[in-house]
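Beneath this line is the structure, given in structure tokens, with notes to follow.
The values are calculated or read from the model by the stated rules, or taken from the named source; none is laboratory data. Bear in mind that the values here come from a model prediction, so they are computed numbers and not experimental data. So basically every Cβ, Gly included, is an ideal-geometry build from the backbone, and we count neighbours across all protein chains shown.
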């Protein structure tokens, strides 16, 4: 554990999900491959769609509508509609199919188990503080068994801007009837989590299991930890 700033008193602990409570990289890689295979086999018009082409449409749409990056589910649904129409599916059907396909992706990307040691840390911390989740992602917390581990789960969607913007931190404070400055936020990303928390007057615990350097940081965290269990030392 490394302290970069004096730790102020806090009233709640928020957690990022992806790459903090579990390693999301292999999960999302597999989900994307399985999703493309699902599209290939479910919709004959999309038989030639591959991961590379999907990525091109993803980049194209966010250039046309940058606000989509704040809602990854809406972004995916818009990609699906665009791809389906380009590949010959009528728009009226593309609208319906894109919703069905999005639900399939959410199922695929949530097809994993959270490590027990992460769950045990959440359960121990919850004996002392309200625990919430703040995520830019779209994992189904019920499917992965975390729905009963948090007071609330806040996602960047429905007009709420993604971290590092204030929106989710502010919404968390409103839900708990506290100030943003009362939140201790735990996450792996130097911009979304560390900068997002510190810049909005919360405190950040940087989860750094791979011991990367601080070159990409805009602001220092309050604390750096290589293992979530170290959070129990600051109770």
Looking at the structure I just gave you, is residue 172 surrounded by 15 or more Cβ atoms within 10 Å (Cβ to Cβ) and either closer than 23 Å to residue 30 by Cβ or free of Cβ contacts under 8 Å to residues at least 40 places away in the same chain (or both)?
no
Given (1) in contact (Cβ under 8 Å) with a residue 40 or more places away in the chain; (2) over 21 Å from the mean Cα position of the chain (by Cα), index of the condition residue 60 fails:
(1)
Hey, among 200, 138, which residue is closer than 27 Å to residue 213 by Cα and buried (at least 18 other Cβ atoms within 10 Å of the Cβ)?
200
Go through (1) in the same structural domain as residue 173 (by TED's automatic domain parsing); (2) touching a helix residue (DSSP H, G or I) at 6+ places or on another chain (Cβ under 8 Å) and name the single condition residue 6 misses.
(2)
Given (1) closer than 24 Å to residue 156 by Cβ; (2) modelled with pLDDT of 95 or more, number of the condition residue 216 does not satisfy
(2)
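So that you can scan it fast, the table gives a plain yes or no per residue for (1) surrounded by 15 or more Cβ atoms within 10 Å (Cβ to Cβ); (2) within 19 Å of residue 161 (Cα to Cα); (3) assigned by TED's automatic domain parsing to the domain that holds residue 168; (4) touching a strand residue (DSSP E or B) at 6+ places or on another chain (Cβ under 8 Å):
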residue	(1), (2), (3), (4)
42	no, no, no, no
51	no, no, no, no
72	yes, yes, no, no
89	yes, no, no, no
92	no, no, no, no
Filter result for residue 105 (buried (at least 19 other Cβ atoms within 10 Å of the Cβ) and farther than 30 Å from residue 37 by Cβ)
no
Of the residues in segment 141-156 that are touching a helix residue (DSSP H, G or I) at 6+ places or on another chain (Cβ under 7 Å) and crowded, with 18+ Cβ neighbours inside 10 Å, the one that is nearest to residue 103 (Cα to Cα) is 156
Which is at pLDDT 95 or above, buried (at least 18 other Cβ atoms within 10 Å of the Cβ) and either touching a helix residue (DSSP H, G or I) at 6+ places or on another chain (Cβ under 9 Å) or under 30 Å from residue 204 (Cβ atoms) (or both), of 34, 16?
16
Quick one: how many residues across segment 89-119 are part of a helix (DSSP H, G or I) and touching a residue at least 12 places away in the same chain (Cβ under 8 Å)?
16
